[in-house]
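First the structure, in the form of structure tokens, and then the observations on it.
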Amino acid sequence: MKTIVATDKAPAAIGPYSQAIKANGLLFISGQLPVNPADGVMPAAVADQAGQSLENVMAILAREGLSGKAVVKTTVFLKNMDDFAAVNAVYAQYFTGEFPARACVEVARLPKDALVEIEAVALCK
């Protein structure tokens, strides 16, 4: 059985997908673009974009009563791998101690021409 998870504290899906799906004790969070859900604005700097993407991930986690500690896996999509250090510095502010597993890949292009997008998988309570 699966349950759709959605919150207005993260940007609405821009296509035929859900913000997140809860299934079999896991929460699968779709890739979060760095769009501020309050005003639809995307910051220009990659570090600010990483922070907004992670804020969106955290908002979806919070909807389910979870925090970053529940995250077991993330995938970070970067427009330019030269931004790895800047994104890593921001990422380290959101995940501490027992870090989730992670993949980080450079991609040719992201929706809305974002510089970063982050998806996550978390353990549900």
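The values are calculated or read from the model by the stated rules, or taken from the named source; none is laboratory data. Worth saying up front: this structure is predicted, and the values here are computed from it rather than measured. Note that we place each Cβ from the backbone using ideal geometry, even for glycine, and neighbour counts take in every protein chain shown.
Annotations for the structure displayed:
- For the range 14-23, the tally of residues that are surrounded by 14 or more Cβ atoms within 10 Å (Cβ to Cβ), out of contact with any helix residue (DSSP H, G or I) (no Cβ under 9 Å at 6 or more places or on another chain) and among the small types (Gly, Ala, Ser) stands at 1.
- The strands (runs of 3 or more DSSP E) found wholly in the range 1-44 and carrying at least 1 residues that are within 12 Å of Asn56 (Cα to Cα), small (Gly, Ala, Ser) and within 14 Å of the chain's Cα centre (by Cα) occupy 20-23, 26-32.
- Residues satisfying the stated conditions in the range 24-43, i.e. surrounded by 12 or more Cβ atoms within 10 Å (Cβ to Cβ) and free of Cβ contacts under 8 Å to residues at least 40 places away in the same chain: Asn36, Pro37, Pro43
- Filtered residue count, the range 57-74, keeping only those that are part of a helix (DSSP H, G or I) and closer than 14 Å to Gly31 by Cα: 5
- Checking each residue of the range 104-116 against the condition of being at pLDDT below 95 and small (Gly, Ala, Ser) gives no match.
- Whenever a residue of the range 103-116 is of a type in the set (D, E, K, R), its partners that are surrounded by 10 or more Cβ atoms within 10 Å (Cβ to Cβ) and at pLDDT below 95, lying with C-beta atoms within less than 8 angstrom and at least six residues away or across chains, give the pairs Lys112/Ile14.
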